[in-house]
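The structure appears below as structure tokens.
The values are calculated or read from the model by the stated rules, or taken from the named source; none is laboratory data. Note that the structure is a prediction, hence the values are computed from the model and not measured. Cβ atoms come from the backbone with ideal geometry, glycine included; neighbour counts cover every protein chain shown.
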């Protein structure tokens with residue numbers, strides 16, 4: 001019966017150290033059987049065929065080896081939408097929802113007429129899709145991974161914004177025309193230090209999520225230093241940058257952007273915003289709107 005199989009899976013996951021073993025078994029069963037979480041609980045006496053039983057236990061053993069649940073199921077909720085994911089992209093996280101909340105609050109208050117923007121290091125495309133849906137803007141989704149961009153395309157079609165999201169395979173903004181001035185750049189770049197990847201991250205992240213999207217170098221700031229230079233060249237006068245960052249990086253990032261802009265330009269209104277846990281989470285800055 002379904003309830004017995006759920007208990008069997010729970011024991012395997014608990015032994016492997018998975019914290020929410022019962023819930024994850026329910027989600028796996030729901031995914032395999034096409035049932036909601038409530039239906040899984042209510043239909044405990046359902047007799048499963050051998051194919052479903054085998055499929056469930058295969059998923060349980062993948063999870064016991066600490067493969068993320070989102071990769072096993074193939075999707076993750078973000079911004080109350082379902083996005084497809086695989087191991088070519090990071091799994092969307094609540095921290096990035098906070099980044100978007102900050103962007104939308106600022107745009108509504110200061111710049112409601114923005115028409116185009118960049119999602120830099122776009123990964124699965126969650127930022128690009130939500131920006132296109134919420135703001136009605138055209139989004140240039142940029143990533144150096146062609147596999148990640150394929151997922152961005154899939155998610156753009158899934159949420160009916162494929163005409164608004166253009167993808168570009170580029171090492172940051174190296175492939176963008178230098179005469180382009182964008183009013184808005186939003187980014188969730190790699191910002192984890194190499195040491196943290198090797199010794200601090202959960203096995204689900206360190207073993208399975210793409211290091212290309214995590215690794216910010218020795219101090220976690222390598223990509224951010226390059227973004228500071230690129231943003232200085234590609235933001236329009238008065239343009240805004242919003243960037244997710246690590247909880248201990250605020251002071252260092254402000255120092256980087258204080259010196260990064262090209263001659264005659266500078267980042268003003270630089271600030272670090274803290275998330276709901278009181279940790280540094282979003283860096284924002286404005287490009288000056290005149291040439292010195």
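With 246, 239 as the choices, which residue is under 24 Å from residue 170 (Cα atoms) and under 19 Å from the mean Cα position of the chain (by Cα)? Spell out how you get there, then give the answer.
Values: 239 fails: under 19 Å from the mean Cα position of the chain (by Cα).
Only one candidate qualifies: 246.
So which residues in segment 167-187 are in contact with a helix residue (DSSP H, G or I) (Cβ under 9 Å, 6 or more places away or on another chain) and in a strand (DSSP E or B)? Answer for segment 167-187, where residues must be in contact with a helix residue (DSSP H, G or I) (Cβ under 9 Å, 6 or more places away or on another chain) and in a strand (DSSP E or B): 167, 168, 169, 182, 184, 185, 186, 187. Residues that are farther than 14 Å from residue 72 by Cα and in a helix (DSSP H, G or I) within segment 14-32 comprise 14, 15, 21, 22, 23, listed in sequence order.
Take residue 35 and tell me if it is outside the structural domain of residue 82 (by TED's automatic domain parsing), in a loop (DSSP other than H, G, I, E, B) and modelled with pLDDT of 90 or more. Before you say what the answer is, go through the steps one by one.
On the way: outside the structural domain of residue 82 (by TED's automatic domain parsing): yes; in a loop (DSSP other than H, G, I, E, B): yes; modelled with pLDDT of 90 or more: yes.
In short, yes.
For segment 221-238, the criterion of being crowded, with 16+ Cβ neighbours inside 10 Å, assigned to a loop (DSSP other than H, G, I, E, B) and modelled with pLDDT of 95 or more is satisfied by at least one residue. For residue 253, the conditions (1) surrounded by 21 or more Cβ atoms within 10 Å (Cβ to Cβ); (2) part of a strand (DSSP E or B) all hold with the exception of (2). Among the residues of segment 75-112, those identified as free of Cβ contacts under 8 Å to residues at least 40 places away in the same chain, assigned to a loop (DSSP other than H, G, I, E, B) and touching a strand residue (DSSP E or B) at 6+ places or on another chain (Cβ under 9 Å) are 92, 93. Restricting attention to segment 64-89, the residues that are closer than 22 Å to residue 17 by Cα and touching a helix residue (DSSP H, G or I) at 6+ places or on another chain (Cβ under 6 Å) total 9.
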